[in-house]
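Worksheet: the structure to be examined is printed underneath.
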Amino acid sequence: MKITMDVECTPEEARAFLGLPDVKPMQEQLMREVQDRMTANIRAMEPEAMLRTWLPATLKGFEQMQEIFMAQMTGTKRE
């Protein structure tokens, strides 16, 4: 024997009927937090911010490379 029943209701009505908790407020809070984090990461990827972060390290690396080349050309050891 097989019985088929069609029930028309909204997800909220089904959740209440089955006694499941309403997780919508939690989902909204989590989505706000995800959006805030994504916005902060996008701001960090702005070209000006990236240059300010990377330029000092790049210049230091360039100076070290110059020292290595000079040491090789003059035959002195680098400390």
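The values are calculated or read from the model by the stated rules, or taken from the named source; none is laboratory data. Bear in mind that the values here come from a model prediction, so they are computed numbers and not experimental data. Note that we place each Cβ from the backbone using ideal geometry, even for glycine, and neighbour counts take in every protein chain shown.
Tabulated results
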{"quantity": "Residue match in region 38-57 (condition: outside any loop (DSSP other than H, G, I, E, B), of a type in the set (F, W, Y) and either in contact with an Asp or Glu (Cβ under 7 Å, 6 or more places away or on another chain) or modelled with pLDDT of 75 or more (or both))", "calculated": "no"}
{"quantity": "Cβ-Cβ under 8 Å pairs, at least 6 apart or on other chains, region 3-14 side free of Cβ contacts under 8 Å to residues at least 24 places away in the same chain, far side in a loop (DSSP other than H, G, I, E, B) and not aliphatic (A, V, I, L, M)", "calculated": "E12/D22"}
